[in-house]
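Engineer: The structure that follows is given in the form of structure tokens.
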Amino acid sequence: MYVAVPREHEPGERRVALTPDAVGRLGPLGIDVLVESGAGDPASLPDSAYREAGATIVETAAALYEQADIVVRAGRVQAEEVPALREGCVLVGWLWPRTSPELVQALCDRRITAFGMESIPRATRAQRMDALSSQATVSGYRSVVLAAEMLPKFFPMLMTAAGTVAPAKVLVLGAGVAGLQAIATARRLGAVVSAFDTRPVVKEQVESLGASFVEIELAVSGAQDSRGYATALTDEQQAQQQRELERHIADMDVVITTALVPGRPAPRLIPASAVEAMRPGSVIVDLAAETGGNCELTERGETVVREGVTVVGVLNLPAGMPLHASQMYARNIGAVLDHLVKDGELTLDLDDEINADAIITHEGRVTTRLLQTEAA
């Protein structure tokens, strides 16, 4: 069973799907790893490290795909990349089928068995495969580092001969994995941190990290779905949430937004009026920029200054910390391969809880129950 690791070509993508330390763990599964030359270079992982781990270096992508039984990807897969794959092979990577109908059709046309890392259910036995959480950890950490770099003041309180410097005030909107990591990082840097989430169940987690929880009465029933993700608010609830948050936002030096609803545009949490009310020099880091942004003034992929406030809409934050992001993602990929491969043979049970969600296409048809449920 040959598992292939190609180079990623999307602008700014520096991660690699398997790292040398992960290669050695795949041998007992009956897997041989093929790595396209230079695939690990952007993550500071040279070809020599892969050779020492037992991988075979292949010079071109065409030669790599010709031999591959399974192709693993770190970057988002595009529809135009599918024709290069060998018909009937297995693809493991970021597919986002709800918003990528052209990709799903291309995978069906090529009869690819496609396993979507974003579609893995939040089941106990799937925790080691949870790449959304591993990469959100990196995003949450980096969001605070970016904010600290751009904020024209210290994060911690300092008592110096020149006087006392008050600590920065940080508000984190959304207390999922990225939000909790942002809270923990901002606290380690000495900021005074508060957080808001529509799910009251996360209050204890927020407070356990030393942050205060912002209470807003929204009368939301079913604030999270069966997978643990926040559900979408009604227009009326969203307007109320904006009004309540605006008075908190005005007093903040940094606001980090992490609110996402799977398969939908990002909820709008910060209107332009809230940005105008912030102090000049304040910073907003919008982790939802990819899907429209939580802030009205966010520009996708850009860092802009509006009303004296720096609004960061940088995409793919994990790619900016490629070594550790790749190592964490490689462990997720290794767990997926352990799930799919037994004694060097591919074993697919489409009734399995994990496969029923995460296998998007198989033998020319859509198989994920996520799309089938939505279509019904």
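Engineer: With a length cut of 27 Å (Cα positions projected on each helix's long axis) and a Kyte-Doolittle mean of at least 0.0, go through the chain and give me the DSSP H helices that pass.
Structural biologist: Helices meeting the criterion: 131-150.
Engineer: If N is the number of residues in the range 321-376, what value comes out of its Cα radius of gyration divided by 2.2 N^0.38 Å?
Structural biologist: Relative to the 2.2 N^0.38 Å estimate, the range 321-376 comes out at 1.39.
Engineer: Related question: With a cut-off of 16 Å, note down the residues of the range 123-161 whose backbone N falls inside the zone around a label point 7 Å from the Cα of ASP338 toward its beta carbon.
Structural biologist: Counting backbone N atoms under 16 Å from the label point, the list is 123-131, 134.
Engineer: Summing +1 for each Lys or Arg and -1 for each Asp or Glu, what net charge is found among the other residues whose Cβ lies under 11 Å from the Cβ of ALA356?
Structural biologist: -4
Engineer: Follow-up. For the range 139-312, what is the charge dipole size about the Cα centre, in debye to the nearest 20, if Lys and Arg each add +1 at the Cβ and Asp and Glu each add -1 at the Cβ?
Structural biologist: 440
Engineer: Find the percent of Cα-Cα distances in the range 264-376 that exceed 25 Å, and round it to a whole number.
Structural biologist: Considering the range 264-376, 51 percent of its Cα-Cα pairs are separated by more than 25 Å.
Engineer: Across all directions of projection, what mean area in square nanometres is found for the Cα convex hull of the range 139-312?
Structural biologist: That works out to 9.6 nm², a quarter of the Cα hull's surface.
Engineer: If you take every residue apart from LEU189 with its C-beta less than 15 Å away from the C-beta of LEU189, what net charge results, scoring Lys and Arg +1 and Asp and Glu -1?
Structural biologist: Every neighbour counted, the sum reads +3.
Engineer: Among TYR50, TYR2, what is the fewest-to-most ranking by other Cβ atoms within 10 Å?
Structural biologist: If I rank by nearby Cβ atoms, fewest first, I get TYR2, TYR50.
Engineer: Another question, then. So if I average 1/r over every pair of distinct C-alpha atoms in the chain and take the inverse, what Kirkwood radius in Å does that give?
Structural biologist: 21.9
Engineer: Please report the net charge: other residues with Cβ closer than 15 Å to the Cβ of VAL214, K and R +1, D and E -1.
Structural biologist: Combined, the nearby Lys, Arg, Asp and Glu give -3.
Engineer: For VAL177, VAL58, VAL3, what's the fewest-to-most ordering of other Cβ within 10 Å of each Cβ?
Structural biologist: Placing the least packed residue first, the sequence is VAL177, VAL58, VAL3.
Engineer: Still on this model: If you stretched the chain out fully between SER48 and LEU315, how much longer would it get, using 0.36 nm times the residue separation minus the C-alpha to C-alpha distance?
Structural biologist: Gain on stretching SER48 to LEU315: 93.1 nm.
Engineer: If you don't mind, another one. Simple spin-label model, 7 Å along Cα-to-Cβ: ALA277 to GLN67 in nm?
Structural biologist: 6.1
Engineer: Classify the range 1-96 from the C-alpha gyration tensor, please: rounded if a/c falls under 1.5, else prolate or oblate depending on whether a/b exceeds b/c.
Structural biologist: oblate
Engineer: Pop a pseudo-label 7 angstrom from the Cα along the beta-carbon direction at both GLU215 and GLN78 and give the gap in nm to one decimal.
Structural biologist: Placing both labels 7 Å along Cα→Cβ, they lie 5.0 nm apart.
Engineer: Measuring from centroid to centroid over Cα atoms, what is the spacing of the range 272-290 and the range 27-63 in Å?
Structural biologist: A separation of 42 Å, based on Cα centres.
Engineer: Magnitude of the Cβ-charge dipole of the chain, K/R +1 and D/E -1, about the Cα centre, nearest 20 debye?
Structural biologist: 840
Engineer: Sticking with this one: Pop a pseudo-label 7 angstrom from the Cα along the beta-carbon direction at both MET159 and VAL261 and give the gap in nm to one decimal.
Structural biologist: Distance between the two pseudo-spin positions: 4.7 nm.
Engineer: Taking the number of other C-beta atoms within 10 Å as the exposure measure, put MET159, MET1 in order starting with the fewest.
Structural biologist: Ranking MET159, MET1 by Cβ neighbours within 10 Å, fewest first, gives MET159, MET1.
Read-outs: derived from the displayed coordinates by stated rules, not from any lab. Everything quoted here is computed from the prediction, not taken from an experiment. Backbone-built Cβ (ideal geometry, glycine too); neighbour counts: all protein chains shown.
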